[in-house]
Amino acid sequence: MKLKHFYLLILAFILNKVAAQSTASKQVTKFIIAAPQLDTLKTIWVYLPEGYETSKKSFPVIYMHDAQNLFDAKTAYAGEWQVDEYLDSLTDNQSIIIGIEHGNKKRINELTPYPNETYGGGKGEAYLTFIKNTVKPHIDMTYRTKPEAEHTTIFGSSLGGLLSFYATLKHPETFGKAGVFSPAFWINPEIFDLVKTTEIPETSKFYFLAGTDEGETMIPKLEKMTTLLKSKGIKETQFKVHKIEGGQHNEKFWAAHFGEAYQYLTTND
């Protein structure tokens with residue numbers, strides 16, 4: 001074997017080892033819980049603010065989908081959101097983050113409220129019931145939380161953005177706020193009819209993000225939704241829309257804008 005080839009193999013080995021290392025903050029832990037509503041077990045990631053153990057404060061909670069992509073490059077599909085790195089940088093306005101792992105091939109079932117003729121799905125209500133009736137009670141019992149809806153946010157991207165928005169419409173007594181990144185409104189157009197027939201509380205709050213390079217329908221459907229919300233009498237103080245020129249449908253895009261959404265949704269918590 002030529003020396004140069006040998007060194008290249010060593011370099012590749014080292015790079016692979018580095019790539020496989022976890023990037024999750026020491027503030028992140030995991031546990032497994034039964035999900036009877038989904039007939040499975042779920043891995044839950046927990047981010048606790050630095051200083052939580054020595055503090056007596058109670059904290060607002062953000063429930064986020066696709067936990068594999070939030071904190072750790074090792075488990076992320078195509079890059080992480082770096083939620084923990086951002087939160088580690090904060091000295092105030094801190095929250096507990098609860099990440100719920102998606103069900104891999106079952107992801108589309110879990111994160112769509114209605115079945116789609118082509119892609120299936122439609123088990124979103126069962127997934128939300130799991131969060132409401134199983135995960136949230138466990139979190140509120142285990143950690144010092146502010147359990148009220150006004151301090152409880154649900155947050156996700158793509159299908160997760162769709163379901164987070166749906167959750168605040170259907171269950172405002174549990175989820176007072178939603179982070180809605182790149183929402184897949186196209187897969188469940190029934191969401192527009194739900195908005196038309198739903199009385200949205202004045203306390204509900206939404207942060208919408210979309211990029212111009214996320215497909216032909218992303219921006220138009222988001223604009224249709226925000227126009228509909230305005231027609232329902234939703235105040236401008238209740239939602240923010242951030243449309244990014246060149247923004248693409250990926251973790252890098254969502255990671256870049258997580259902090260802005262976080263600050264908007266949690267200020268005054």
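The values are calculated or read from the model by the stated rules, or taken from the named source; none is laboratory data. These numbers come from a predicted model, not from an experiment. In this analysis, Cβ positions are derived from the backbone assuming ideal geometry, glycine residues included, and neighbour counts consider all displayed protein chains.
Of everything in the stretch 120-145, what is part of a helix (DSSP H, G or I), closer than 28 Å to Gly51 by Cα and not charged (D, E, K, R)? Give them in sequence order. Let's see the steps before the verdict.
The initial filter retains those residues of the stretch 120-145 that are part of a helix (DSSP H, G or I), namely 124-142.
Going one step further and asking which of them are closer than 28 Å to Gly51 by Cα, we end up with 131-132, 134-142.
Passing the criteria: Ile131, Thr134, Val135, Pro137, His138, Ile139, Met141, Thr142.
Residues that are modelled with pLDDT of 95 or more and either in contact with a strand residue (DSSP E or B) (Cβ under 9 Å, 6 or more places away or on another chain) or among the polar types (S, T, N, Q) (or both): find the helices (runs of 4 or more DSSP H) completely inside the stretch 189-269 holding 2 or more of those. First the steps, then the outcome.
Values: elements: 190-197, 218-231, 251-266.
Once the helices (runs of 4 or more DSSP H) in the stretch 189-269 are filtered for at least 2 residues that are modelled with pLDDT of 95 or more and either in contact with a strand residue (DSSP E or B) (Cβ under 9 Å, 6 or more places away or on another chain) or among the polar types (S, T, N, Q) (or both), what remains is 218-231, 251-266.
Any residue in the stretch 220-247 that is over 17 Å from Phe165 (Cβ atoms) sitting within a Cβ distance under 6 Å of a residue that is surrounded by 13 or more Cβ atoms within 10 Å (Cβ to Cβ) and aromatic (Phe, Trp, Tyr)? List the pairs, counting only those 6 or more apart or interchain.
Note: pairs meeting the criteria are Gly247/Phe253.
Does Val180 satisfy the criteria of being farther than 24 Å from Val46 by Cβ, crowded, with 16+ Cβ neighbours inside 10 Å and without any contact (Cβ under 8 Å) to a residue 60 or more places away in the chain?
On the way: farther than 24 Å from Val46 by Cβ: no; crowded, with 16+ Cβ neighbours inside 10 Å: yes; without any contact (Cβ under 8 Å) to a residue 60 or more places away in the chain: yes.
It is false that Val180 is farther than 24 Å from Val46 by Cβ, crowded, with 16+ Cβ neighbours inside 10 Å and without any contact (Cβ under 8 Å) to a residue 60 or more places away in the chain.
Looking at (1) in contact with a Phe, Trp or Tyr (Cβ under 8 Å, 6 or more places away or on another chain); (2) in contact (Cβ under 8 Å) with a residue 60 or more places away in the chain; (3) surrounded by fewer than 19 Cβ atoms within 10 Å (Cβ to Cβ); (4) over 25 Å from Tyr262 (Cβ atoms), which one does Asn133 not meet, given that it meets all the others?
Against the list (1) in contact with a Phe, Trp or Tyr (Cβ under 8 Å, 6 or more places away or on another chain); (2) in contact (Cβ under 8 Å) with a residue 60 or more places away in the chain; (3) surrounded by fewer than 19 Cβ atoms within 10 Å (Cβ to Cβ); (4) over 25 Å from Tyr262 (Cβ atoms), Asn133 comes up short only on (1).
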